[in-house]
Amino acid sequence: AGYGLTSVHNMNGNVKDLRVYQKLEARGEMALRVYVPFLVYPEMKPDVLSEAIEMRVASTGKVRGGLVKFFMDGVIETGTGLLLDDYEGRPGWRGTAQFEPEQFTELALEADKQGLQIAVHCTGDGAVRRVLDSYEIVRKQNGGRDSRHRIEHIELVGDADVPRFAELGVIAAMQPNHSPLTVNSFDPWPACVGVQRYRRSFAWRTLRDAGAHLAFGSDWTVASMNPMTGIHSALNRTPWQEGDPDQSQTLEETLLCYTRDSAYAEHMDHEKGILREGYLADVVMLSEDIFQTPKKEILRVKTVMTICDGEITYEE
């Protein structure tokens, strides 16, 4: 609450976690709302999705289920992100996948058939394509619906896959604070992919311009949960080499990605994400008007009050 958070998507969970949050809610100790997924492991079969359905049915005011989470790959810095082409300086190595295409598609088909939302960790462009391919099969076999399936991270995306997000209605759930602001940010990531793939890296603007629906988050505990760090990154990202597209975002775009669009990413945009009569009373007051704050100084902005469900959960 001290960072101005009123809702979070906890991307690792099961029914036991959901029950723990609900016990806190029953005691009046939940300072925010939480969307709890059911994490699917590679050794699991489709029948385990009954637990995800149980979590959806058991949803309460501040604690909700209905999401299933997968990891398709690892991370690019360690060479475990799944790429379409070889890693820079590592001939023949393209990373690893947690699920075979047929295996993931089988699980995704059943999850979608049961009305569950799907979110998949994909850092590499190979993982992104594999999941988009499965989502396309799911849509064809189960029929189109307002599924709002998600791909998380998307640190690298293939040119041919950029328009598929809008075509398939897939949400690009991304974390601006993962991206090095410049190629000289003492971060190992750019060296792993090489200069020829810089333009397709952390491609927020490219995806937005192609009609994709973006939602921003933190990926805590990997990165800071303070939204201002992500906002700072989204505003101040610069191209890594001359001729690359500018992937930075405007302040208005960024704020909407953290509010309205993140509510959309959990099927809750009809109740929260904007200030409107009849919506949930979730409000954050900041130390200054950030539309007047120079973008390079945005990190100085602090939360002075957080209100969740009409109750003050933090006050400076």
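Run down Glu242, Glu288, Glu266, Glu277 and say which single residue is in a loop (DSSP other than H, G, I, E, B), surrounded by 17 or more Cβ atoms within 10 Å (Cβ to Cβ) and of a type in the set (D, E, K, R).
Unique residue meeting the criteria: Glu266.
Which fully enclosed strands (runs of 3 or more DSSP E) of region 80-197 have 2 or more residues being aliphatic (A, V, I, L, M)?
Output list reads 117-122, 171-174.
This table checks each residue for (1) surrounded by fewer than 16 Cβ atoms within 10 Å (Cβ to Cβ); (2) free of Cβ contacts under 8 Å to residues at least 40 places away in the same chain; (3) of a type in the set (Val, Ile, Thr); (4) touching a Ser or Thr at 6+ places or on another chain (Cβ under 9 Å).
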position	(1), (2), (3), (4)
Ala1	no, no, no, yes
Leu5	no, no, no, yes
Arg19	yes, yes, no, no
Arg27	yes, yes, no, no
Met44	yes, no, no, no
Asp47	yes, yes, no, no
Glu51	no, yes, no, no
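Quick one: in region 175-217, which of the residues that are within 13 Å of the chain's Cα centre (by Cα) and modelled with pLDDT under 95 is farthest from Pro91 (Cα to Cα)?
That would be Asn177.
Matching residues to (1) modelled with pLDDT under 95; (2) aliphatic (A, V, I, L, M):
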| position | (1), (2) |
| --- | --- |
| His121 | no, no |
| Gly144 | yes, no |
| Leu168 | no, yes |
| Ala173 | no, yes |
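Could you list, in sequence order, the residues of region 209-225 that are more than 14 Å from Leu255 (Cβ to Cβ), of a type outside the set (Phe, Trp, Tyr) and touching a strand residue (DSSP E or B) at 6+ places or on another chain (Cβ under 9 Å)?
Within region 209-225, Ala212, His213, Ser218, Asp219, Met225 qualify.
Given (1) surrounded by fewer than 15 Cβ atoms within 10 Å (Cβ to Cβ); (2) at negative phi, where does Gly310 come up short, assuming only one miss?
All conditions pass for Gly310, except number (2).
So is Val57 hydrophobic (A, V, I, L, M, F, W, C), more than 28 Å from Pro227 (Cα to Cα), surrounded by fewer than 14 Cβ atoms within 10 Å (Cβ to Cβ) and more than 23 Å from the chain's Cα centre (by Cα) or not?
Answer is yes for this residue.
Considering each of Gln117, Gln103 in turn, give the residue that is touching a residue at least 12 places away in the same chain (Cβ under 8 Å), among the polar types (S, T, N, Q) and in contact with a Ser or Thr (Cβ under 7 Å, 6 or more places away or on another chain).
Gln117
I'd like to check something: does region 188-210 contain any residue that is under 22 Å from Ala263 (Cα atoms), surrounded by fewer than 16 Cβ atoms within 10 Å (Cβ to Cβ), touching an Asp or Glu at 6+ places or on another chain (Cβ under 9 Å) and not charged (D, E, K, R)?
Taking every residue of region 188-210 in turn, none turns out to be under 22 Å from Ala263 (Cα atoms), surrounded by fewer than 16 Cβ atoms within 10 Å (Cβ to Cβ), touching an Asp or Glu at 6+ places or on another chain (Cβ under 9 Å) and not charged (D, E, K, R).
So if I check each of Ser224, Ser179, which one is of a type in the set (S, T, N, Q) and surrounded by 18 or more Cβ atoms within 10 Å (Cβ to Cβ)?
Ser179
Could you tell me how many of the residues in region 24-62 are under 13 Å from Asn14 (Cβ atoms) and either among the hydrophobic types (A, V, I, L, M, F, W, C) or in a strand (DSSP E or B) (or both)?
The total comes to 12.
The values are calculated or read from the model by the stated rules, or taken from the named source; none is laboratory data. Treat the numbers as computed from the prediction; the structure is a model and nothing was measured. In this analysis, Cβ positions are derived from the backbone assuming ideal geometry, glycine residues included, and neighbour counts consider all displayed protein chains.
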